[in-house]
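First the structure, in the form of structure tokens, and then the observations on it.
Values in this text are rule-based calculations from the coordinates and carry no lab data. Quick caveat, the model's predicted, so the values are computed rather than measured. Because the Cβ atoms are built from the backbone with ideal geometry, glycine has one as well, and the counts that use them run over all protein chains shown.
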Amino acid sequence: MKLTKSQRQALKEKYQGRCAYCGDLLGDRWHADHIEPIVRNWWNGTCEHPERNTLENFNPSCPSCNIVKSSMSLDSFRKIIGGFITSLNRDSTQYKFAKRYGLLEEKEIEVRFWFERCG
């Protein structure tokens, strides 16, 4: 579904110009994300859930949230984000170094999206 300019503007304002997921202010190059994924089949131009391609199923998203979310459900996206600390501790020397020098603090908190906190 290609959104019109007015639909895009209304979607951008859905959460006061903020990403529905992280809450960052949206710039000029933001994405219209399918809340429940339609799962595109790039090789033949179809999608697995065309019935989800409705205006009500869109959230405004910053590019990084939309790229990481990809075609995941909200629960899967939440689990991926919740696992970031574990993977950073396992894989990132810079992260471990910053932690060792007290430059960051880890918190065990539930991942809640902006749209869940702002309403």
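Quick notes on this structure:
- For region 50-76, the residues whose amide N sits under 18 Å from a probe point set 7 Å from the Cα of GLU36 along the beta carbon direction are 50-60, 70-76.
- Residues whose placed amide H lies under 5 Å from that of ARG18, excluding near-sequence neighbours: LEU26
- Computed magnitude of the charge dipole of the chain (debye, nearest 20; Cβ of K, R +1, Cβ of D, E -1): 320 debye
- Residue order, fewest to most beta carbons within 10 Å, for CYS19, CYS47: CYS47, CYS19
- Relative contact order [Cα under 8 Å, 6+ residues apart], the chain, whole percent: 28 percent
- Long-range HN-HN contacts of ASP33 with modeled amide H, under 5 Å: ASN59, SER61
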